[in-house]
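The structure appears right after this line, and notes come after that.
Just so you know, all these numbers are worked out from the coordinates, no wet-lab data involved. Fair warning: this is a prediction, and the values are worked out from it, not measured in the lab. No Cβ is skipped: glycine too gets one built from the backbone with ideal geometry, and neighbour counts run over all protein chains shown.
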Amino acid sequence: MFRVLGALTGAGKPAPVSQEERTQKILEQAHDFEIALQAMDYVLDDHAEKGLKLLLNNERDDKDCTINVLARGVIEFLEATLGFEASVMKKAAETLSEAEQLSAKSRQQYQKSGLKTSSLYPPGTEYAVTYTEACLLHALLMLFSESMVESAKALFKLRRAYHMLQEILNDIKKAEAEKKSPMYAQKVNDSTASFISTETTFTSVDIPYKLTPEEQKDKDLLDLAEKIYSMREKRLSGAHIGNSPAIERLRTDLGLEALQKLPKNELESKYTRLSDNIDQNQATIDEFIHSGVNLCFGILQVVLSLIPPAIGAVLSVVGFHGSREEGLRMVWKSTKDRNIHGGIGLLALLFYYDGPFQFTDVDFDVPSADDNLKKIQSGEMDKPTLLHPGKILEHALLQARALFPNSALWLLQEARMLSSNGRLQDAVDLMDSIDVNKIEMKQVKALMIFDRAMTLVHLHQFERAAEDLLALIEINEWSHALYTYFAGCCYLENYRMCQLDLMDKEKMNYYKERATTLIFDAPKLVGKKKFMSKNLPLDRFMLRKVEQFKEFQASLETTDPLDSIGVSPVHELTYFYNGYNRMTRENLELSHKMLTEYHNPLIDAHDPDQELLKNLLTALTLRRLGNVEEGCKLLDEKVLPEIITLLPNGKIRYIRKTEDPWAYPSALYERALFTWKLKGLEGLEESKTWLVRAQDYADDYELSTRIGMKIKAAIDRLEDS
């Protein structure tokens, strides 16, 4: 314990290092960091094995391997969090744990020797950043563990990372203040490291002091300094991982059509950078420190701010709270840097704004920042821009697509953005433009197929969606029961469309048989393939639904099990994946027709719980179709009286129900949206009231984390309005 504390605080007497040794070590360190940054970029271009091989080739017994191990841990972390497979997560956790220990040791060594590798920051700062990065990523993996002990340890890791990040951030603020002083320019001039050779004079920004006359003429040092400069130049232009400079592939529009029309540019410079804001004269170590702190501190604060109240109470042990606004602002800052931190930061932002759960619901529409790209380039982003970055986010994604043309991961992000913009068919066309079987990372392949299936569901192309869902059983280690049930629900919807003469009846019996088999056999797969030894919330949802169907079949005494399924279950699942916000008008009209015009024995029995579900989902389709008042009236008259009782004093009394636990807080959440759409800012306080009611309906219920995060994000958004 005391050794670890000593390592983190740098206790002990400094050991002197000669300038010749110091210069050599500083350049070797900058070279190793450039190698690590290159290796981590390989994984963002769907070449993880190339990245790992590069790290392996750079390992030597006589050198500090801290950054190598962290880079390997980051690659494994990305693989783990994309697929959540237990074996991959365990491997990543072990590597990140090793990176923590090595970082603490390296920081101590640099502090003791007084080895200052940056002109701005104290000795060992870079290893304080590697430590917090490893600590944060490791803690995030531990939070997914089924072990309460591991989860508790993760909270203390988060606290440790938080406090060290604060310490580094204070150093950064001091350095920024110093840079504004009149003496700073003179100080920089006095510490310029220039090499002198017969051909030229070369200045290295990676050495934070003047060289001795002997060092200025040292050819080996000059060669290494120039190599580092060249590596950085290639990385900043995107030409460092086997691709031509990224500027050649930079587009201004999303979609396959824009990609196919991309002109061949004649470049003025071999290594033209994507943005003028990328500083080629920033030392590699300084860049790593800045971007690493912005990414880690930013993500930490955003994650904490999204935690639902039920879990947030447990997290009070961590001893700090997250600011979503400040967190987003810091993550955006990290994206300005052309390195792995910028890449991970952009992935996090894309997940936040355009991911499958879309924490910022599009119906809480605030003024867009679509046409103001200068906001991210010129300085701090204001609140409206943080809430709705519009073209700023699109521009950042197109830069990533140009930088990593081989990566299905970034193509998937573009498809998600198209989908969130209502361009569903364009999203499918883009995903169809590559062969998923050639995607190197299995986890990305699974994500691509799942997202395509979801988009096809929103398009009501149910048969192909079902085929994609069933294909996932051969790829993913877990959730086989949900995929099977979901596929069955897709076939059921096609069967119902045949019954309503909305499609050719040639395969009607096939759809019926597949729906029956898959829906009612899905529970048999629960327990065989679990996530981290647990059944996922949607697996538990599926079990409850199938049990409901069986109970209805018994009470109705029907021989056809499909007659015991009331409200289309595929429309429930569509809600969980934000489908109604993504559908076109044509898709919404078809959903409305299926919800209101289809009949079978259970629907005609007018079961009150089935009626509640049908009316809730119908109200949503009406709102998205523009019939806001009609939808609100339906919700007020047919849904809310089943959930709450309005009291004379303006307060409410909850009617506790358990038949469909997700629906009741969701209905209250949707009522807040109706108020916002009808009244705008004048209905701000009323919308907040409905959201608080949604939040207070229950502490823990089926899908409570998913629904709770959505409610909390909406509350935060309105508070910023």
message: Taking the Cα centre as origin and putting +1 on Lys and Arg beta-carbons and -1 on Asp and Glu beta-carbons, what dipole magnitude results for the stretch 541-655, to the nearest 20 debye?
response: 620 debye
- prompt: Ranked by Cβ crowding within 10 angstrom, fewest neighbours first, how are LEU44, LEU447 ordered?
  reply: LEU447, LEU44
message: Can you give the FRET efficiency to the nearest 0.05 for LYS679 and ASN627, using r as the Cβ-Cβ distance and R₀ = 25 Å?
response: 0.95
message: Just to verify a number: FRET efficiency for LYS53 and LYS438, C-beta to C-beta distance, R0 = 22 Å, to 0.05?
response: 0.70
query: Relative to the Cα centre, what is the charge dipole magnitude of the chain, using +1 at the beta carbon of each Lys and Arg, -1 at the beta carbon of each Asp and Glu, and rounding to the nearest 20 debye?
result: 1420 debye
message: To make sure I understand, if each residue's beta carbon is the centre and we count other beta carbons within 10 Å, what order do SER323, SER420 fall in, fewest to most?
response: SER323, SER420
task: Using a Förster distance of 41 angstrom, determine the FRET efficiency expected from the C-beta separation of ASP223 and ARG464, and round it to 0.05.
output: 0.10
field: Ascending count of other beta-carbon atoms within 10 Å, so fewest first, for LYS336, LYS383, LYS710
entry: LYS383, LYS336, LYS710
task: Anything over 31 Å Cα to Cα? Flag those among LYS219/LYS333; LYS112/LYS270; LYS53/LYS438; LYS261/LYS383, in the order listed.
output: LYS219/LYS333; LYS112/LYS270; LYS261/LYS383
query: How far is it, in nm, from the label point at LEU500 to the one at GLU94 when both lie 7 Å from their Cα along the line to the Cβ?
result: 5.3 nm
- prompt: What is the gain in length, in nm to one decimal, between ASN649 and THR212 on full extension, counting 0.36 nm per residue of separation less the C-alpha to C-alpha distance?
  reply: 149.2 nm
- request: Mind putting a number on the dipole of the stretch 444-601 about its Cα centre? Charges go on the C-beta only, +1 for Lys and Arg and -1 for Asp and Glu, and I need it in Debye to the nearest 20.
  value: 600 debye
message: Which order do the peptides 636-644, 649-657, 608-616 come out in when sorted by mean C-beta neighbours inside 10 angstrom, highest first?
response: 608-616, 636-644, 649-657
field: Calculated log₁₀ intensity ratio I(q)/I(0) where the Debye formula runs over C-alpha points of the chain, q = 0.05, 0.06, 0.08, 0.10 Å⁻¹
entry: -0.28, -0.40, -0.69, -1.03
task: Return the calculated 222 nm mean residue ellipticity for the chain, to the nearest 500 deg cm²/dmol, obtained by summing -39500 (n - 2.57) across DSSP H runs with n ≥ 4 and dividing by the residue count.
output: -20000 deg cm²/dmol
query: Along the positive direction of the dipole of the chain (beta-carbon charges: Lys, Arg +1; Asp, Glu -1; about the Cα centre), which of SER419, PRO384, MET508 reaches farthest?
result: PRO384
message: Under the 0.36 nm per residue contour assumption, what length would be gained going from the current alpha-carbon distance of ILE196 and SER87 to full extension?
response: 34.0 nm
statement: If each part is reduced to its alpha-carbon centroid, the stretch 656-719 and the stretch 119-144 end up apart, in Å, by 36 Å
- prompt: Farthest toward the dipole's positive end in the chain, which of PRO661, LEU96, ILE715, given Cβ charges of +1 (Lys, Arg) and -1 (Asp, Glu) about the Cα centre?
  reply: LEU96
